[in-house]
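The values are calculated or read from the model by the stated rules, or taken from the named source; none is laboratory data. Keep in mind that what you see is a predicted model, and the values were worked out from it rather than measured. Counting neighbours? That spans all protein chains shown, and the Cβs are built from the backbone with ideal geometry, glycine included.
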Amino acid sequence: MSRFVRTPPPEARGLGMTSQRARDRLIERLVAEGIRDQRVLGVLRQLPRHLFIDEALATRAYEDTALPIGQGQTISQPYVVARMTELLIENGVPRRVLEIGTGSGYQCAVLSSLVEQVFTVERIDELLRNARRRFRKLGMSNIRSRHDDGRLGWPDEAPFDAILVTAAGADLENALLDQLAPQGVLVAPVGPPGRQELLRVCRDADGAWQRETVAAVSFVPLLGGVA
Ligand code: SAH
C-alpha cells in the first residue's frame, strides 16, 4: 500500500480497458513474471497508468508493454518499472531518490508513493510539463522536478540515498556515482541499443562502488543537452 493517502481525481478510476479489473490482471501477470515485492505490486495496482499516456492509447495502458509518449520517447514497460523499483528498495526503502528521465512521470509517481522525496530530471521540456501536470492532478507533492541534462545529476540536492536512471548511456555517469550517498543504491541501463544491460551499483560505507549486472533490457538512449 502507498504510504501517502491521496484523494484521486474521478478519471483515475477508469472504465473497461482502464478499470481496476484491467489493473488487477496486469498485477497477476507481473507476479507470474516474478515480481514479488508487495509494496511495489500494491503501488502499481493503485496507480492509474492510463493518465500517463495519450488518451488515444489509454486502452493499452494495462498491457505489459512500453508505449510512445511523443518526442520519440516511451513510457517504460510495467514489468521493467516494477523490477527497477524492487531493486532500488530491496535493501531498505531509500528516503531521497533521484530519477533521471522523467518522461511520462509514471516511474516517478511509483517512487513518490514509496519514498519520502523524489527529485526527477528531464531534458525535454514538453514531456516535463505534461508530467508536472499529472503530478499536480494526482496530488503528488513530494516530487521536485527540473529541466536539465540529467547526466549531471542534481548537485545542489546531493547526496541521494538512491538514483534511478531510465535511459541508457554508454557507461555509468561519474557525476551520478559521486552523488550517491554511502550505503546508497543506483539502478541504471547501460550500453548500446540491442546490447543494453541493467546494472545495480551499491555504494558501501567507505564510499566504494560495487556493481552487478541484473538483466538484459531495452531503453531509449541517454542524450546530452536539453530540448
Ligand atoms: N521514467 C520514464 C521513462 C521515459 S523514457 C517513464 O516512466 O515514463 C526516458 C526519458 O529519459 C525520456 O523522456 C528522455 O527524454 C529522457 N532523457 C534522455 N536523456 C536524458 C538526459 N540526459 N537527462 C534527462 N532526461 C533524459
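Can you name every residue in the stretch 115-142 that is buried (at least 19 other Cβ atoms within 10 Å of the Cβ) and among the small types (Gly, Ala, Ser)?
ALA131
Any chance you could count how many residues in the stretch 43-63 are part of a helix (DSSP H, G or I), within 16 Å of the chain's Cα centre (by Cα) and surrounded by 19 or more Cβ atoms within 10 Å (Cβ to Cβ)?
Residues meeting the conditions: 6.
Anything in the stretch 1-38 that is touching a residue at least 24 places away in the same chain (Cβ under 8 Å), among the β-branched types (Val, Ile, Thr) and surrounded by fewer than 14 Cβ atoms within 10 Å (Cβ to Cβ)? List them, or say none.
If the condition is that a residue be touching a residue at least 24 places away in the same chain (Cβ under 8 Å), among the β-branched types (Val, Ile, Thr) and surrounded by fewer than 14 Cβ atoms within 10 Å (Cβ to Cβ), then THR7 is the only one that fits.
Going through LEU67, LEU47, LEU41 one at a time, which residue ends up being in contact (Cβ under 8 Å) with a residue 60 or more places away in the chain and not charged (D, E, K, R)?
None of the others qualify; the one that does is LEU47.
Please name all residue pairs, on different chains or six or more residues apart, with Cβ atoms under 9 Å, provided the first residue is in the stretch 122-137 and is modelled with pLDDT of 95 or more and the second residue is of a type in the set (Ser, Thr, Tyr) and more than 10 Å from the ligand (Cβ to nearest atom).
Within 9 Å, the pairs are GLU122/SER145; LEU128/SER145; ALA131/SER145; ARG132/SER145; PHE135/SER112; PHE135/SER141; PHE135/SER145.
Look through ILE69, ILE89, ILE100, ILE75 and report the one residue that is hydrophobic (A, V, I, L, M, F, W, C), within 9 Å of the ligand (Cβ to nearest atom) and over 11 Å from the mean Cα position of the chain (by Cα).
The unique qualifying residue is ILE69.
PRO182 - would you say it is within 16 Å of the ligand (Cβ to nearest atom) and either part of a strand (DSSP E or B) or in contact with a strand residue (DSSP E or B) (Cβ under 9 Å, 6 or more places away or on another chain) (or both)?
No: the conditions fail for PRO182.
Spot the failing condition for THR74; the list is (1) crowded, with 16+ Cβ neighbours inside 10 Å; (2) touching a helix residue (DSSP H, G or I) at 6+ places or on another chain (Cβ under 9 Å); (3) touching a residue at least 24 places away in the same chain (Cβ under 8 Å); (4) closer than 27 Å to PRO221 by Cβ, and only one is missed.
(2)
Go through SER145, SER112 for me and flag whichever is surrounded by 23 or more Cβ atoms within 10 Å (Cβ to Cβ), within 16 Å of the chain's Cα centre (by Cα) and more than 10 Å from the ligand (Cβ to nearest atom).
One residue alone meets the criteria, SER112.
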